[in-house]
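Below is one structure, written out as structure tokens; comments come after it.
The values are calculated or read from the model by the stated rules, or taken from the named source; none is laboratory data. Keep in mind the model is a prediction, meaning the values are calculated, not measured. In this analysis, Cβ positions are derived from the backbone assuming ideal geometry, glycine residues included, and neighbour counts consider all displayed protein chains.
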Amino acid sequence: MKEFLSYNGRMKAESGNALWFILLAIALLAALTITITRGSDTSEQSGDVERQRVLASDTLRYAKSVEQAVEQMRQRGTSESDISFESGFVGGYANGNCGGNDCKVFHVEGGGIAFRSANSLVSGDSWLFTGANSVAGAGEDGTGATSSFDNELIMMLPDISAAVCGRINTELGVAGIPQDTTKADVATKFAGVFPNGQVIENMGGEKTGCFEGNQDDGGASIAGKYYFYHTLIQR
């Protein structure tokens with residue numbers, strides 16, 4: 001009887017130990033799963049940030065290369081009203097003031113730079129080259145008036161992703177994504193004239209940046225959409 005009770009006690013003790021090891025294994029497995037999940041989330045977030053940084057840097061580099069091409073043309077004597085963004089990829093940029101190839105930005109005899117479509121991860125729209133906007137706080141008067149004499153020559157990328165928009169501003173040292181208080185012209189193509197246009201507000205006079213639109217005039221709405229701009233000629 002004593003032997004039976006002793007055996008029974010050992011069985012209960014061993015059973016208790018086995019249960020303890022099982023519970024410990026379950027706890028360790030749960031902790032490992034949480035660690036792997038957190039590591040995966042952190043890795044994914046880091047990957048997203050890096051991807052946005054690459055896309056933002058690529059967008060800024062291309063804008064700067066177009067600006068440099070325009071500046072080189074001006075140094076060779078091409079006036080701002082003669083500059084043509086005509087290409088075989090996007091229509092509406094034929095400039096009657098441009099009588100040869102030397103005033104075409106996207107020609108080997110002109111700016112010598114290739115036209116490049118926007119990265120689909122950044123925007124599903126096309127680059128816009130326009131003289132219909134001024135940047136508040138920039139240019140000679142710094143008031144952002146809508147006179148054609150105040151308009152800048154700007155390249156824009158409409159409907160950019162919010163993530164890349166924010167990253168571009170971070171790279172430029174611009175806080176957040178400012179909201180434009182007017183309605184920037186995101187449609188008029190440059191063909192040699194600077195029409196009385198709109199004002200890009202709240203960008204602190206920055207020649208480059210990204211803003212959020214907030215206006216809807218009953219036609220094309222820019223509310224809730226994001227727009228990158230880069231000033232090619234500040235006037």
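Scanning the range 42-67 for residues that are polar (S, T, N, Q) and free of Cβ contacts under 8 Å to residues at least 24 places away in the same chain returns Thr42, Ser43, Gln45, Ser46. Kindly check whether there is at least one residue in the range 175-187 that is surrounded by 20 or more Cβ atoms within 10 Å (Cβ to Cβ) and within 15 Å of the chain's Cα centre (by Cα). The answer is no, given that none of the residues of the range 175-187 is surrounded by 20 or more Cβ atoms within 10 Å (Cβ to Cβ) and within 15 Å of the chain's Cα centre (by Cα). Counting only strands (runs of 3 or more DSSP E) wholly contained in the range 119-235, the ones carrying 2 or more residues that are under 29 Å from Lys104 (Cβ atoms) and either among the hydrophobic types (A, V, I, L, M, F, W, C) or modelled with pLDDT under 95 (or both) occupy 128-135, 152-160, 198-200, 226-233. Which one of these does Asp82 not meet: (1) among the charged types (D, E, K, R); (2) part of a helix (DSSP H, G or I); (3) over 26 Å from the mean Cα position of the chain (by Cα)? Just one mismatch for Asp82, condition (2).
Residues in the range 149-174 that are surrounded by fewer than 20 Cβ atoms within 10 Å (Cβ to Cβ) and β-branched (Val, Ile, Thr): Thr170, Val174. Contact annotation: no residue pair with Cβ atoms under 9 Å, 6 or more positions apart or on different chains, pairs a residue in the range 5-31 that is modelled with pLDDT of 60 or more and in a helix (DSSP H, G or I) with a partner that is among the charged types (D, E, K, R) and loosely packed, with under 10 Cβ neighbours inside 10 Å. Arg74 meets the stated requirement of being among the basic types (Lys, Arg), modelled with pLDDT of 95 or more and either under 20 Å from the mean Cα position of the chain (by Cα) or assigned to a helix (DSSP H, G or I) (or both).
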